[in-house]
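Every number here is computed from the coordinates shown, using simple stated rules; none is lab data. Keep in mind that what you see is a predicted model, and the values were worked out from it rather than measured. For neighbour counting, all protein chains shown are included, and Cβ atoms are generated from backbone atoms with ideal geometry for every residue, glycine included.
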């Protein structure tokens, strides 16, 4: 019998055109591309994941069954120690350089359909969060002020001191005015996201 994940994976036909940005990795900081061989001590959980030990990247995209587009934000532990994540990443549309750029419109609202839970990441393991891009068609033009955002700014929760955002390239329609919720994000969940996943 086909498993639930097998059924979901079979929906890859729903992948949208800009899914060409899939697997585009953007380092939270200049950490190693892959973890070195873990020692016994590094496998012990030692608190929240550090910004220097995480790599954020964009998974494949698919159409939601009702409206909008779904992408997965993937978070890989590239450190030599086991660490943990919990809660919702902060996500917003962004334009300009990290030093001189600015947020576009309102940040993503929390999609509470998935309950937050602690996620343990061993070295090399990946967790994910589902992000819905609602688009701008459902908002009044005057209240939205549609623009094209060139990237997303992503900040992972509970990464301790010195948190640095990741800037993930993705061309998406955004509301430049505060208020319209054109982005929504779920809590971080274990394992990589499912490519082509279709929301109900």
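Laid out as a table, the results:
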item: Projected label distance in nm at residue 86 and residue 113, using a 7 Å step from Cα toward the beta-carbon; result: 2.5
item: Förster radius 22 Å - calculated FRET efficiency between residue 97 and residue 178, Cβ distance, rounded to 0.05; result: 0.50
